[in-house]
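Data first, discussion second: the structure below is written as C-alpha cells.
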Amino acid sequence: MLEIKNLHARIGDAEILKGVTLTIPDGEIHAIMGPNGAGKSTLSYVLSGRDGYEVTDGEVLFNGENILEMDPEDRAATGLFLAFQYPVELPGVGNANFLRTSLNAIRRKRGEDELDAVAFLKLARGAVKQLAMKEDFLKRNVNVGFSGGEKKRNEMLQMAILKPHLAILDETDSGLDIDALKIVAEGVNSLRDEKFSALIITHYQRLLDYIVPDMVHVLAGGKIVRSGPASLALELEASGYAGLEAA
Amino acid sequence: MSTTTEATIQELAAQKYKYGFSTDILMEEFPKGLSEDIVRLISAKKGEPTWLLEWRLKSYHAWLKMEEPEWARVHHPPIDYDDLYYYAAPAKPVPKSLDEVDPELLKTYEKLGIPLNERAALAGVAVDAVFDSVSVATTFRDTLAKAGVIFCPISEAVKEHPELVRQYLGSVVPAGDNYFAALNSAVFSDGSFVFIPKGVRCPMELSTYFRINARNTGQFERTLIIAEDGASVSYLEGCTAPMRDENQLHAAVVELVAMDEAKIKYSTVQNWYPGDAEGKGGIYNFVTKRGACRGKNSKISWTQVETGSAITWKYPSCILQGDGSVGEFYSVAVTNNRQQADTGTKMIHIGKNTTSTIISKGISAGHSNNTYRGLVKIMPGASGARNFTQCDSLLIGDQCGAHTVPYIENRNASAKVEHEATTSKIAEDQLFYCRSRGLSEEDAVGLIVNGFCKDVLKELPMEFAVEAQKLLAVSLEGSVG
C-alpha cells in the first residue's frame, strides 16, 4: 500500500507539490490526470527519489516504510518501479545485460539468489514474446536508436521482468499509436493481482480505455483537486481541465 | 540526496588499490645514481657481450645530451635521476626452473592472481614474471619450444640467441629516439623476448607480468617481439606496484617487428599504483612502444587499458612500411583523483594501401587530466592509404579535463583520413535511470563506463576483458556521489 500524506516538494525556489494526499491500496490501479505543469512528473520523480527535488513537508509510506529517506536503488528493491516518460539511452550497454544487472541487484538487496545467464535468458525471452517484441531487442543497446514506441515497450519489458509491487507510469502513453498503447496496457494488465498496484499518470483518457482504473484523481496546482471512479476520466475528456484549479 | 558520505568515499579511495602491498625479500641493489660505471656494472652483472655494452654506453652518452620532453600536457616536479636505483634484483641467483623460484616471490604473484605454477596457471597462457629489474620465472617454455617459439627473459636471449637480439634490438626504437628510450637503452635490465618463426601460429597467449617492488627504483624493461613471415602471436602485459609515497619511474621500451603476412596483437592492462587522492606517490609511466609492419600485409594491433600510474606518457605506434599492412590502436585511458595521462598513437603510412584504425576512449574523473595525442602521417608513396580515427572523451564531475590533440599530415592525394571526436558527460538522467532499476551509483557508473569502452574492451582477450571491466569500475570508485 502506498500512502502519500500532505506531500510538499520544490525544485529550487519553485514549490510544485503543495500538499498531495493519496492512498493506493494493494491490488488497485489509480490514474492521475491533470493539465500540463500541474506537478504530475514531479510527483513521480519525488516518489522514485530523483535528485534535485526537495521535500519540504509530508511523508510517503510504502508498505508502512518511509521511502523518502531511501536512495532510488533501495526504493527499487522495495518493489517500486517508474516507467519513464522519456526513457534514457545507455550507449554500449546491452539490453539483456542491463536487465540482468538490474534484476540481480534487486534480488541481492532482497537477500535472494542471483539468476544465472541461462535462467535469466529464459525469463527474458518469455517476456519479450509476451510483449510481441522481436528477440533482437535484448541484444540492442539500451534505448539507443529506439523509436518512441520501442522505448516505451522497453519500459514495459523491464517492468515485466522486475515485477514491481507498485508501478508508476509517467505519461507512458504519450506519442504512442493505438497498437503500442494496447501493448502498454497489456503489460500492466498482465501484472494485475491482489498484490500489485499502479499509479498511471496521463494527460489523456484514451489509455484508460485499456487499463480501467479503480480511481481517477485530478492533480492541478500541486494538489489533488478531485477524485472519483473511472467515469471521471470520461467526464474530464468532455469538459477539459479548465476551472479545476479553483476548485 | 546520495547518502554516500565523504567518509565512505575516502574509505573506498584508500582501499581501492589492492595491489599496494610490498614483498619483503633480500635485494641486491647497485648504488644510487647513473654514471658510465653503473651502465658498465649492469652489463657486467648480466655477462653481456661487448657489442651490447657499447650500445648501452652510446645510448647513455646520447641521453646525457638530451632534454626531458616538455610538450606533453603533464606536470611533475623535476626528476632527480641521481636519486634512483637503476638495478635491483632478488639477491638469490636466477632460478633455472620454477622449482627454484623463491617461495616469497611465488606468493607475491599468487597474491596478484598470476599463478606461476604451470598446473595452476590459466590454461593456454604462458607467463614471464619480471620483478623489479629481472625476470624471475617463465612458464610453459617446453611447450612453446616444441612449436619453435622462443619466449624468455631478454637477458637470456642475449646469451642464447645473440644474433637475433643484435639484429633487431633498437631497430624499431633507436637508442637515441627520445629521452626516455635513450635512458632505457642505457640501463635496461630485463624484459621479455619473443620470436615466432616462419609460418608458426603461437599455440598459446604469451603474457608478461611486471611488478615494481623495491623503493626508489626505476624499472626499465625492454621487450622485443619478432614475428617472421606468416607467423602470429597474441601477447599480454599486466603491471602493478606497491603503494609508496615517493614517485617511481618506469621507462620501458617495447619493439615489435612483423614480417610478410605476420600478425602481432599486443594487449596491455596497466594498473601501476596511481598515487593517493591528493596526488602523493604513484608511478611515472614514461614508455615508448612501437611496432614495425615491415612485411606486406602484416598487421600490428595495440590494445591498452590504462587505469594506473600518476602520470602516463605513452604512444604505442605503427610504422606501416609493407604494402597492405594494417595498424590498429584501441585504447581506454582512465584518470581519477590527480592522475594525468597523455596518451595516443602514431600511425606512419609508408607502403601502398596501408590502413590504420584508431579508437580512443578517455575517461576523466576527480581532478584529473586526460589527453589524447595522436599523429596520422601519410607519406608520398602511400597511395590508397586509409585511416579512421575516433576519439571519445567521457567526463565524470566538473573538476577534470579531457583534451584531444590530433595531428594529421597527408602527403598523398589518394589517401583517405577520417577523424571523429566526441566529448560527453555521464548525464544525471543516465545515473538516475540505472538507480531507479536497482543499481547502486557505483555500479551505474561502472555500467555506463563499460558501455562507453565496449568497442575497445571487445578487442581484449577474454580473460583480460573481464579483468579490465572490473578494473574500470574500481578505478572510478568514489568518483561520484
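The values are calculated or read from the model by the stated rules, or taken from the named source; none is laboratory data. Source: prediction; values computed, not measured. Backbone-built Cβ (ideal geometry, glycine too); neighbour counts: all protein chains shown. All accessible areas refer to the heavy atoms of the entire protein, side chains included, with ligands and DNA or RNA removed. Shrake-Rupley method; radii C 1.70, N 1.55, O 1.52, S 1.80 Å.
Counting only residues at least eight positions apart within a chain, or on another chain, the aspartates and glutamates with an alpha carbon under 20 Å from that of B:K65 are B:E36, B:D37, B:E54, B:D80, B:D82, B:D83, B:D177.
Among the trypsin sites (Lys or Arg not before Pro) found in region A:153-247, those both in a DSSP coil and sparsely packed, with 16 or fewer other Cβ atoms within 10 Å of their Cβ, are A:R192, A:K195.
Counting only DSSP beta bridges whose two residues both lie in the protein assembly as shown, roughly 20 percent are antiparallel.
Note that region A:233-238 has calculated 3J(HN,Hα) couplings of 4, 5, 4, 5, 4, 7 Hz, one per residue in order, obtained from phi through the Karplus relation 6.51 cos²θ - 1.76 cosθ + 1.60 (θ = phi - 60°); glycine and proline are x.
Per residue, the protein assembly as shown reaches -8000 deg cm²/dmol at 222 nm when only DSSP H runs of four or more residues are counted, each adding -39500 (n - 2.57). Here's how it looks for B:C152: its modeled amide H is under 5 Å from those of B:F193, which are all 5 or more places away or on a different chain. Taking A:D193, A:D170, A:D13 in turn, the Gaussian network model of chain A (Cα-Cα springs below 10 Å) assigns the largest fluctuation to A:D13.
Charges at C-beta only: +1 for Lys and Arg, -1 for Asp and Glu. How large is the resulting dipole of region A:2-239 about its Cα centre, in Debye rounded to 20?
580
In summary, the aspartates and glutamates within cross-link reach of A:K134, defined as a Cα separation below 13 angstrom excluding same-chain residues under 8 places away, comprise A:E150. Put simply, the amide H of B:E28, placed in the peptide plane, has neighbours under 5 Å in B:A89, B:A91, leaving out anything fewer than 5 places away on its chain.
In the elastic network of chain A, a GNM with C-alpha springs shorter than 10 Å, the most mobile of A:K40, A:K139, A:K163 is A:K139.
Evaluated with a Cβ-only charge set (Lys, Arg +1; Asp, Glu -1), region B:192-349 carries a dipole of roughly 120 debye about its Cα centre, given to the nearest 20. The residue list A:V216, A:T78, B:A72 was ranked by how far each Cα lies along the charge dipole of the protein assembly as shown toward its positive end, using unit charges on Cβ atoms, and B:A72 comes out on top. Toward the positive end of the charge dipole of the protein assembly as shown, with +1 on the Cβ of Lys and Arg and -1 on the Cβ of Asp and Glu, the farthest Cα among A:A160, A:A238, B:W55 is that of B:W55.
If both residues of a DSSP beta bridge must be in region A:2-239, then about 55% of such bridges are antiparallel. For A:V144, the residues 5 or more places off, or on other chains, whose built amide H falls under 5 Å of its own are A:L90. For region B:375-481, the set of trypsin sites (Lys or Arg not before Pro) satisfying both a DSSP loop assignment and a count of at most 16 other C-beta atoms within 10 Å is given as B:R411, B:K458. Between the helical axis of A:148-162 and the longest alpha-carbon principal axis of chain A there is an angle of about 80 degrees.
Under a model in which nothing but the beta-carbon of Lys, Arg (+1) and Asp, Glu (-1) is charged, the protein assembly as shown shows a dipole of about 2020 debye around its Cα centre. By the Stokes-Einstein formula, at 1.567 mPa s and 4 °C, region A:2-239 with its Kirkwood radius over alpha-carbon pairs has D equal to 71 µm²/s.
Each Cα pair under 8 Å and six or more residues apart adds its sequence gap; the mean of these over the residue count of region A:2-239 is a relative contact order of 29 percent. For the protein assembly as shown, the fraction of C-alpha pairs more than 37 angstrom apart is 48%.
For region B:353-479, the Stokes-Einstein estimate of translational diffusion at 37 °C and a viscosity of 0.692 mPa s comes to 201 µm²/s, using the Kirkwood hydrodynamic radius over alpha-carbon pairs. In the context of the full set of protein chains, residues of the protein assembly as shown present 39 Å² of accessible surface per residue (probe radius 1.4 Å, heavy atoms only). Partner lysines whose Cα lies under 25 Å from the Cα of B:K296, excluding those fewer than 8 positions away in the same chain, are identified as B:K198, B:K263, B:K265, B:K346, B:K352, B:K377, B:K416. As a rough guide to protection, the peptides A:210-216, B:249-255 ranked by mean Cβ packing within 10 Å, highest first, stand as B:249-255, A:210-216. Taking chain A as a Gaussian network of alpha-carbon nodes connected by springs under 10 Å, the highest mean-square fluctuation of the residues A:E59, A:E155, A:E89 belongs to A:E89. Considering only B:S189, B:G362, B:A402, the residue lying farthest towards the positive end of the dipole of the protein assembly as shown is B:S189, judged by Cα position with unit charges set on Cβ. For the chain pair A and B, the buried solvent-accessible surface (1.4 Å probe, both sides summed) amounts to about 2400 Å².
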